[in-house]
Structures are given as structure tokens and as C-alpha cells.
Amino acid sequence: MIECDNAKNFKGATRELAQLRAQFYNQQHQASIIDQCADDGTEFKFIPPRSPNFGGLWEAAVKSFKKHLRSTIGNSILSQDEFVTLLARIEACLNSRPLTPMSADPNDLEVLTPGHFLVHRPLTSFPEPSFSELPTNRLDRWQQNQELLRRIWKRWSIDYLSGLQPRTRWTQQRDNVNVGTLVLLKDDNLPPLKWRYGRILRVCRGADNHIRVVVVRTADGEYTRSISKICVLPIHHPASDVAAVDNPNSR
């Protein structure tokens with residue numbers, strides 16, 4: 001039971017929830033959902049009950065954030081509201097991560113994120129000031145929550161970008177990046193939910209004919225970066241090309 005006042009938004013929400021519940025109990029509506037999924041070729045596959053190890057792909061992302069959450073919070077005491085707020089903001093960070101380019105258009109800097117499956121657009125937030133230089137006892141509770149999120153974001157985003165640079169040895173000679181490839185630029189000072197994307201305009205080869213420097217076009221202009229400071233998004237190239245992006249022998 002939820003008690004609230006007679007505000008119009010609450011009354012409207014009650015009607016919407018009642019209609020949604022009625023639809024799900026309606027057999028015709030259930031049949032239309034099943035038919036739509038069948039036409040789209042959608043197939044549901046469930047892992048065994050109480051077996052999170054079968055969901056390694058998504059559980060790995062949760063595990064990586066749990067590690068940084070524990071090390072960052074430490075012995076800090078948070079109220080229930082503060083902890084729930086922090087977890088909600090952490091969830092937004094996870095769902096903002098780039099997955100793959102939206103298209104092969106060299107002028108398109110849009111990427112697909114988990115947020116697109118939830119709200120049909122990337123998750124964003126307003127940049128917030130850093131309080132890293134101020135003592136903790138001088139911060140109010142909201143500022144402490146902001147600082148905890150910033151620290152977790154910084155640690156996790158570095159780990160995520162490093163994971164996009166698998167270090168394996170080549171079995172044959174090949175270029176590690178190509179002109180037109182959509183890449184992520186490493187930047188240690190980006191606020192939570194902020195990623196920097198760019199398309200490679202030119203590649204610069206070293207004396208050994210390996211690509212070591214690239215010129216990247218971003219929404220803010222063109223930048224020259226070492227290949228150690230860029231990450232190729234997964235699923236963009238064949239697996240063999242992705243594996244060679246950060247090969248130690250190419251530097």
C-alpha cells in the first residue's frame with residue numbers, strides 16, 4: 001500500500017499502471033506480444049536458476065564495479081537514501097558505456113549504449129565540480145556522494161577502456177587501426193557518463209612502418225594521439241583486427 005496526496009501526477013500514474021496491468025492480464029495482448037517476438041525472430045534463453053556463473057558476460061561488468069565500490073566506500077557510513085542514490089548513479093554509469101558504432105558513416109560519431117535499450121537514447125548528466133582537493137569533513141552529504149561517484153567512475157572507466165585494448169601477439173603482419181574507424185579517446189579528466197569519441201582521419205607510421213600515431217576528428221576538433229591513448233570499439237572489426245589494436249609489438 002502506497003499513501004500519497006491527490007496530486008494529478010499521482011492520479012495519472014495510477015491510471016497508467018492500472019491500464020498496463022490490465023493489458024498484461026489480457027490474453028489477446030499476450031498473444032500479440034508472442035506473435036511480434038516470433039515475427040522479429042526474438043528468442044528468450046534463460047540461464048539455470050541460482051547460477052550467476054552462466055551469465056559471465058554481464059556479471060563481469062557488475063563484478064568490476066563492485067570491486068571499485070568496496071575499495072572506494074571503505075568504512076564510510078551512508079544512509080539508506082545516500083546509498084540508493086549512489087547505486088542509481090552507478091547504474092547510469094554502467095549503462096552509458098559505449099558498445100559499438102551506430103553506423104559505418106565516417107561522419108557519424110554516435111555509438112550504441114545500454115541506455116538506448118532502456119530510454120532509446122544515451123544516458124547523460126550535467127558535469128559536476130570535483131571536490132578531490134577538499135577535506136572530507138568540509139563536504140556536506142551530497143558533495144560526499146558526488147565525490148564517491150567521481151572516484152568510482154575514474155577507477156572503473158580506466159578499467160573499461162583498458163579492457164578494450166587486449167594485449168595479444170600478432171601471428172601475421174597487419175595494421176592495428178584504419179582510417180574511418182570510430183575510437184574512444186582516453187581522458188583522465190572526463191566527468192561521470194562522459195565519453196570522448198572520434199573518427200580516425202589519418203595514420204602516421206614509424207620507421208618500422210607500424211602505425212604509432214593517429215589524427216582523430218572529434219566533435220570538438222582534430223587531435224593527434226598515440227595509439228596507446230585510443231581504444232577501438234568492439235564488434236566493429238573482425239576479432240583478429242580487434243585483438244591487434246594494442247599489440248605491444250606495434251609500439
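When the helices in the chain are scored as -39500 (n - 2.57) per DSSP H run of 4 or longer and the sum is shared across all residues, what 222 nm value do you end up with, to the nearest 500 deg cm²/dmol?
On the way: 7 runs with 100 residues, N = 251.
So the calculated ellipticity at 222 nm is -13000 deg cm²/dmol.
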Take each of the peptides 62-72, 149-159, 119-129, average the number of other beta-carbon atoms within 10 Å over its residues, and list them starting from the highest.
149-159, 62-72, 119-129
Please pull out the direction-averaged projected area of the range 24-165, using the convex hull of its alpha-carbon atoms, in nm² to one decimal place.
13.7
Under Stokes-Einstein, the range 1-106 at 25 °C and 0.890 mPa s, with its Kirkwood radius over C-alpha pairs, diffuses with a coefficient in µm²/s of 128
Give me the mean projected area, in nm² to one decimal, of the convex hull enclosing the Cα positions of the range 99-234.
10.7
For the chain, find the longest principal axis of its Cα atoms and tell me its angle to the long axis of helix 80-95, 0 to 90°, nearest 10.
50
Projecting the Cα atoms of Thr136, Val84, Ser157 onto the charge dipole of the chain, where Lys and Arg contribute +1 and Asp and Glu -1 at Cβ, the residue farthest towards the positive end is Thr136
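Counting only heavy atoms of the protein chains, get the accessible area per residue of the chain (1.4 Å probe) and round it to a whole Å² value.
On the way: 17000 Å² over 251 residues.
Computed with neighbouring chains in place, this is 68 Å² per residue.
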Give the label of the value calculated from the structure for Rg and Dmax of the Cα atoms in Å, choosing from (i) 23.0, 70; (ii) 24.5, 78; (iii) 22.7, 74.
(iii)
Taking 20 Å as the cut-off for C-alpha to C-alpha distance, list the pairs among Lys45/Lys66; Lys154/Lys194; Lys154/Lys229; Lys67/Lys154; Lys63/Lys229 that go past it.
Lys45/Lys66; Lys63/Lys229
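May I ask you to compute the full-extension gain from Asp187 to Ala61, defined as 0.36 nm times their residue separation minus their alpha-carbon distance, rounded to one decimal in nm? All intermediate terms of the calculation are to be shown ahead of the outcome.
On the way: separation 126, 0.36 × 126 = 45.36 nm, distance 2.06 nm.
My answer for the length gained is 43.3 nm.
The values are calculated or read from the model by the stated rules, or taken from the named source; none is laboratory data. Since we're looking at a predicted model, the values are computed, not measured. Reconstructed Cβ throughout: ideal geometry from the backbone, glycine too, with neighbour counts over all protein chains shown. For accessibility, only protein heavy atoms count, side chains too; no ligands or nucleic acids. Shrake-Rupley method; radii C 1.70, N 1.55, O 1.52, S 1.80 Å.
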